[in-house]
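Structure record follows, encoded as structure tokens.
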Amino acid sequence: MKISTKAALIFLAAGLLPLAGISLLGFDRLRALAVDNAHTEIRQESLRMAEAVDNWMNDNRRMMMVLAKNPQVISAARAKAPVDVAGTLTDFNAEYKWHTVVFVSDTTGQQIARSDQVGLVKMGHQPAAQRVLRNGELYADSAVIGTADGVPSILFVSAIMAPGSPSPELLGIAGARSTVGDITRIVTPRRSEQDGTGVLAMLATPKGEVLVHSGFVADKKQSNLVKDAPEFVAAGGAVGLVSFEGPAGPMLGYSARTERGWILLYALPEAQVLAPALRVAQIFALISVAALALFALIAWLASRAISTPITQLARVADRVSKGDLDDVALSDLERRRDEIGELAHAVSRLVISFKAAMTMLKKRQAA
């Protein structure tokens, strides 16, 4: 094997061994960081939407409590008659525009007045107030999921109590109906504004009643049940990172819970989540190829720097061995400040010594 080949292999090995170590350690670390960052983004977005839902629900509950303490609303509930309360409801509805209907009902569940002044329009097949009243008492939650006037809705209520008595009497309820579309606008991932491809956002009760789902449009039933859907099974099983098989492939998401126990799932295609890690791999591959090419070039130049002067010295030595001492030029090598330069000086001195010896030999032969 030529010395140039040996030198090239030595330099190449010296460069590739550290590169291989750095690549293995660095790639694994950077890939883990990329995956962790993607998981963190999914988690933060899911928790952000859950917090937004909680804030929206709390704001609605506070507004219903304010409405239930309005003197005109109390008078209407006590008299079980409109007593000109429609204007108050209309003003309240105008101030909080995300409510589609604001109403007052008595303890039997019959609506006394509504902000749209339509009258006793039922929520589904029952009066809206009967969804939260039974036998003159409140029994349902302050937020009921259902269909009102043929539209998927959420019903917010607050009890109207008779003021001034030691044990306040229930006179009725003040309520507001908000469409599911209002909460859909809250449960909208920021990513979907830029690229909604494959983004899934779901808000459902623990029973599987869906309020929001980016995968389908809510119909006019009382609720959409998805308790057997892969995304609900995954999100309902645990809080935290979940994975499931979506229509277009594996999905990775984060399951959060609202204050009401509702399940909020935000998920993205797994390939999209792991795309940063893939880009890291591609960048590392390009860096490795570039580094390999650079080390190969350095090894070739280094081998040339060693083999070329040695080859030149070998040729000079071969000529000297044959007695050809004319025009031996090593001045370019003698200017080097390394071992090659020293060897060139030695060869030059050898050539000078041979020339002197040959001259003396010729003179003796002539004498």
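Applying the criterion of being open to solvent by less than 40 Å² (accessible area, probe 1.4 Å) and not in a helix (DSSP H, G or I) to the residues of the range 224-239, the residue that is farthest from Ala38 (Cα to Cα) is Asn224. Taken over the range 285-304, the criterion of being under 30 Å from the mean Cα position of the chain (by Cα) and of a type in the set (Ser, Thr, Tyr) is satisfied by Ser288 alone. Residues in the range 70-80 that are on the phi < 0 side of the Ramachandran plot and in contact (Cβ under 8 Å) with a residue 12 or more places away in the chain: Asn70, Gln72, Val73, Ile74, Ala76, Ala77, Arg78.
Picking from residues in the range 64-85 that are out of contact with any Asp or Glu (no Cβ under 9 Å at 6 or more places or on another chain), in a helix (DSSP H, G or I) and open to solvent by less than 40 Å² (accessible area, probe 1.4 Å), the one that is farthest from Leu211 (Cα to Cα) is Ile74. Restricting the range 240-261 to residues that are assigned to a loop (DSSP other than H, G, I, E, B) and farther than 14 Å from Ala204 by Cβ leaves a set whose member that is least open to solvent (accessible area, probe 1.4 Å) is Ala248. Whenever a residue of the range 349-361 is over 21 Å from Leu333 (Cβ atoms), its partners that are at pLDDT below 75 and exposed (fewer than 12 other Cβ atoms within 10 Å of the Cβ), lying with C-beta atoms within less than 8 angstrom and at least six residues away or across chains, give the pairs Met358/Gly323. Tally time: how many residues in the range 227-281 are touching an Asp or Glu at 6+ places or on another chain (Cβ under 7 Å) and aromatic (Phe, Trp, Tyr)? Residues flagged as touching an Asp or Glu at 6+ places or on another chain (Cβ under 7 Å) and aromatic (Phe, Trp, Tyr) within the range 227-281 amount to 2. Of all residues in the range 288-304, those that are open to solvent by less than 50 Å² (accessible area, probe 1.4 Å) and aliphatic (A, V, I, L, M) total 4.
The values are calculated or read from the model by the stated rules, or taken from the named source; none is laboratory data. Every value quoted in this text rests on a predicted model; they were computed, and no experiment measured them. FYI the Cβ positions are ideal-geometry reconstructions off the backbone, even for glycines, and counts take in every protein chain you see. All accessible areas refer to the heavy atoms of the entire protein, side chains included, with ligands and DNA or RNA removed. Shrake-Rupley method; radii C 1.70, N 1.55, O 1.52, S 1.80 Å.
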